Amino acid sequence: MRLLERDDAGEIRPTKDLPSGKIPPYAILSHTWGPDEEEVSYKDLKDGRAVSKLGYNKIRFCADQAWRDGRKFFWVDTCCIDKSNSTELQEAINSMFRWYRDAAKCYVYLTDVSTDKRDADGDPSWKWAFQKCKWFTRGWTLQELIAPTSVEFFSREKARIGDRNSLERMIHDVTGIPLEALRGSPLSDFSVHDRMAWMKQRNTTREEDMAYSLFGIFDVHLPLIYGEGKEKALERLREKIGKDDGCLADLRVTDPRHDKKRIEAAKGGLLKDSYCWVLSNVQFQQWHDGDDQRLLWINGDPGKGKTMLLCGIIDELKKSTPPGLLSFFFCQATDSRINNATAVLRGLIYLLVSQQPALISHVRRPYDHAGKKMFEGPNVWIVLCEIFTSILQDPGLRMTYLIIDALDECVTDLPQLLELITRTSCTSSPIKWIVSSRNWPDIEEQLETATQKARLSLELNAESISTAVNAFIQNRIDQLASKTKHDANMIGKIRDYLHSHANGTFLWVALVCQALADPKVKKRHILAKLQTFPRGLDSLYARMLEQIGHSEDAELCKQILAVAAAVRRPISLDELASLVEMPDDVSDDPESLEEIVKLCGSFLIIRERTVYFVHQSAKDFLLGTASDKASNKASQEAFELVFPTGIEDVSYIIFWRSLNVMSQKLRRDIYCLNAPGFLIDNVRVPDPDPLAMVRYSCIYWIDHLRDLVSSTSSKWVHLLQDDGDIHRFLTTKYLYWLEALSLLRALPEGINAIRQLESLLGHTIRGRLIAIVRDGYRFALSYRMIIEKAPLQAYTSALVFAPTDSMIKKIFKKEEPGWISTISVVEAEWNACTQTLEGHGSSVLSVAFSPDGQRVASGSGDKTIKIWDTASGTGTQTLEGHGGSVWSVAFSPDGQRVASGSIDGTIKIWDAASGTCTQTLEGHGGWVHSVAFSPDGQRVASGSSDNTIKIWDTASGTCTQTLNVGSTATCLSFDYTNAYINTNIGRIQIAWLPTATMESLNQLSSPVCYSYGLGQDYRWITCNNQNVLWLPPEYHTSAFTMQGRKIVLGCYSGRIIIFLFSRDV
């Protein structure tokens, strides 16, 4: 960025081009251009002709006004950009919004508005002229109005007539821009359509600028192509926005802004008096104002108001000047969507990108390779960490506040999340963290490793918390008084009791007031009921449970609480009705269901027909894991009351009732799609939803079975016997279950569940059930791809092409399509091919297993490498970057890297988790046909059509040896000593010697091969060097990899075939 500088004598001169980190505070001018010959250009400034031009008047005004405001640097678009330099012009237009946003002040100079003129009554007439001025009709001035923190308007006479705040109503009436946008709300809060509409009444000199002037409004970066026309430019802009929106939609697992509103509403609204104390707290101020403490940990016992405190802090940070980025996340252990580290990171990235859309480039790079799959699979955490770290290192990142509430409720991968927080809090990036949690030693231990940290203990700020709780009590008392019409004397007694018993716990006050507001509590009984509420949260929970025990529906309430505590995620009212034995007049009546849940003593709440615990501490109390050691006995007693025969029995009830309800509800074509090829993307959930009661059961029934059979007790082994409940379900409902899983978009989870069931059976008994399960697993795995895309293909393609001896095919013979009378002959049994992986756009030329056998890498003529999960058959990464077909791929010994060789003559090293290219090795003079890692992972060997083998150091990327072997090494591998390479042309010594030798080829003409492999003509699979399986033409291949008795073939058809052999022959 180039600025203008005014010195003490009033002289104006341009600065040199300043790097982004060295730009001083500056003012900026907004104006409308006159004729080009009147405006001062950069060349005019350099040549000394600026003063003679009419446009210099505006420059002088900006210089003098900035000087009066204590600024000697300023920026004017006419002369701070060298428009003869196309590269500089491109960069300037893409940076313009940011330059206006970062300016200390923006001066709008209006040449057609005069403050000297008067109307007929003698009053200044500038207001009418202001509303009609040319400035509001120009395209570029839209971002100049919205971007800056401070916008001041000046007349032709250089008299100040107001600023954006004082004139906002008039500006709104003229432009139609919402007041919230004029006041600085994030532009992402406004739809694409709304922001486009702000440009409707504006014009630009060059038609393409109607699109280019919107780049900043949408925070996008695109090349300028003057001459393409307005419509083409707008089409490119919309396409860019559409792709970014699609990426953002796939990234989104929740919108934390909505979670915040939901939490505040559920807790009765955010009360400023309950959190404002923290703003004057020493630890908070040191964190906020200084640079020495970048991580603030707020810790306290359950119910102390941590979540609402953070809600208040978020609201206060939104008011920061200058505005920064604010990203936050609320963990909730009872909600599987938001109780894991991956969800936290996705939420933080989502909000950062939503507020500063240009940051989406860090997401788009890997996303454009892998698509939505990037956010799935075992490597998603590594990918997200790299994206997140890259965002935090972005040079355009503004001051950023990152806030995570309830770390203790992050039940999956919390250590990884804590490591990320501590690591990024110690960087020089403009970021600061606030996290909250209970007083957990393991969280404290990991946060202690951060070097720039502060701790705010709520227990050590008891006086401030007590004052905040008192304000909260007054608020709830006022609400209670308005609802119940109690007299002042009674209200006073309630207030006094709450003050003396609250013990600094917001949740305790909320639960007591909720109980007192119950319409069933008679006025004359209020004070007596009040006396029954003991001090302390766990004591209150014990009292609530005791009251449940005295109610007429005590047993039903205990069953509901037990199921709510045992399920994997919060369940809907419909799902609850299927998992708990309800009275006949309740299960089908939504109002009665809600009434029953409300009888559970305030332990549970209902939001959008889903049942949640009122607080994680309530669930912990019932499970016997209360945090308060003094109340642990009461918590253990609660567990014994709710789970009198143990939690295993509740798991059994959930398992058994799940099987029962699925057996009742599941049927063919449950959504009445009719057409066998009806695609899942076109499915609309019917109302009422016939799967509403079985959604939880379909996904989690095997998990609850595993809880039983995996325990030390042999009590539940009978569940796995032939002709039992599981056997009957699979032989009557299996295909309907697969269809339901597809409709629920949970087929991969179902396949993994069947695999777990097979594992359970494999460790117990053998018989017909395990045979059905194994056949069902092969059936689901083989046709997963088509059933996932079109649910009803479970009855057509899957049944038609399944082997004739498939047990699932025989059992569900009646479901086969009657409209197919003649089909090709299919195999009698499942063959050794366990999966077919499809996705490449051309022939597969190379395949390789990861060392642990859980992934396969494939290189293709489509110039890409794909990484596959062998358990589910899903593609987890697509690696793009080669300029030609990929002939060879190899995993490093630790499985963290992939090497690839291409006809473009290069070898690339990739990070297998994120899909990013870490190195490109260049030096071959021909195609690269083969690559291999050394056993220690420190070297890579490559064979090329230039008749050489090169050895590369993976740390530096340098070539350490070039072996002229006189022929093309089409396949190669290191031996275990690291001293030799085995190739198709012989065994080559590669010890660290100045020259290399090749042993006699005669000695290696018939190498001894063990176990399974691929014959030299690539037409046979061999075992112990003997042909054992001929490959038909459609399976002909020149690429293969193996691990033990598992072989992967890459075929010219583009397919990848996996064979698993049970023994040598």
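The values are calculated or read from the model by the stated rules, or taken from the named source; none is laboratory data. Note that this is a predicted model, so its numbers are computed, not measured. Positions of Cβ are generated from backbone atoms using ideal geometry, with glycine treated the same way; all protein chains shown enter the neighbour counts. These area figures cover heavy atoms from the full protein model, side chains too; ligands, DNA and RNA do not enter into them. Shrake-Rupley method; radii C 1.70, N 1.55, O 1.52, S 1.80 Å.
The range 712-774 and the range 177-252 have Cα centres spaced 53 Å apart. Distance from the alpha carbon centroid of the range 649-705 to that of the range 897-950 works out to 48 angstrom. Extension gain, Ala528 to Ala955, is 146.1 nm, computed as 0.36 nm per intervening residue step minus the present C-alpha separation. Amide H contacts under 5 Å for Ser860: Leu845, Val886, restricted to partners 5 or more places along the chain or on a different chain, H placed in the peptide plane at 1.01 Å from N.
The listed peptides 929-941, 391-403, 552-564, ordered by packing as a protection proxy, come out as 929-941, 552-564, 391-403 (highest mean of other Cβ atoms within 10 Å first).
When DSSP beta bridges are restricted to pairs lying wholly in the chain, around 75% turn out antiparallel. Taking each residue as 0.36 nm, the span from Trp128 to His258 lengthens on full extension beyond its C-alpha to C-alpha distance by 42.6 nm. Our helix-only sum for the chain, with -39,500 (n - 2.57) per DSSP H run of n ≥ 4 divided by its residues, gives a mean residue ellipticity at 222 nm of -11000 deg cm²/dmol. Taking 15 Å as the cut-off, the amide N atoms of the range 398-423 that come nearer than this to a point 7 Å along the Cα-to-beta-carbon line of Thr625 belong to 407-415.
How many nm is it between the label spots at Asn682 and Glu180, if each spot is 7 Å from the Cα in line with the beta carbon? Between Asn682 and Glu180, the simple spin-label model gives 3.7 nm. Applying 1/(1 + (r/R0)^6) with r as the Cβ-Cβ distance of Val282 and Arg423 and R0 = 25 angstrom yields a FRET efficiency of 0.40. Pairs of Cα atoms nearer than 8 Å and 6+ residues apart set the relative contact order; for the chain it is 6 percent. Of the whole protein surface, Lys520 contributes about 140 Å² of accessible area at a 1.4 Å probe radius. If a spin label sat at a point 7 angstrom from the Cα of Ser464 along the line to its beta carbon, the backbone N atoms of the range 268-301 nearer than 14 Å would be those of 273-289, 296-300. Rounded to the nearest 5, the antiparallel percentage of DSSP beta bridges internal to the range 4-186 is 45%.
Suppose a student asked you for the relative contact order of the range 844-989, using Cα pairs under 8 Å spaced at least 6 residues apart; what percent would you report? It rounds to 14 percent for the range 844-989.
For the pair Asn964 and Gln664, label points projected 7 Å from Cα toward Cβ lie 8.3 nm apart.
One decimal place: the segment Asp478-Ser592 gains 38.0 nm when fully extended, by the rule 0.36 nm per residue minus the C-alpha distance.
For the residues Asp69, Asp291, Asp588, a 1.4 Å probe over the protein chains yields an accessible-area ranking, largest first, of Asp588, Asp291, Asp69. When you count the other C-beta atoms within 10 angstrom of each residue and take the mean per peptide, 728-734, 958-964, 339-345 line up highest first as 339-345, 728-734, 958-964. Expressed as a whole percent, the accessible surface of the chain that belongs to carbon and sulfur atoms is 49, based on a 1.4 Å probe. When the label point is put 7 Å from the Cα of Gln721 along its Cα-to-beta-carbon vector, which residues of the range 647-680 have a backbone N closer than 18 Å? Counting only backbone N, you get 656.
Per residue, the accessible area of the chain comes to 44 Å² when a 1.4 Å probe rolls over the protein heavy atoms. Can you give the FRET efficiency for Ala265 and Glu749, using 1/(1 + (r/R0)^6), R0 = 41 Å, r = Cβ-Cβ distance, to the nearest 0.05? Efficiency computed from Cβ-Cβ geometry: 0.85.
With an 8 Å cut-off on Cα pairs and a minimum separation of 6 or more residues, tell me the relative contact order of the range 1-130 in percent.
Reported as a whole number, the value is 30 percent.
Relative protection proxy for 23-34, 569-580, 50-61, from highest mean packing down: 569-580, 23-34, 50-61 (other beta-carbon atoms within 10 angstrom).
Annotation: Arg2 carries an accessible surface of approximately 30 Å², with a 1.4 Å probe and no ligand, DNA or RNA atoms counted.
What is the distance in Å between the Cα centres of the range 852-885 and the range 557-609? The range 852-885 and the range 557-609 have Cα centres separated by 46 Å.
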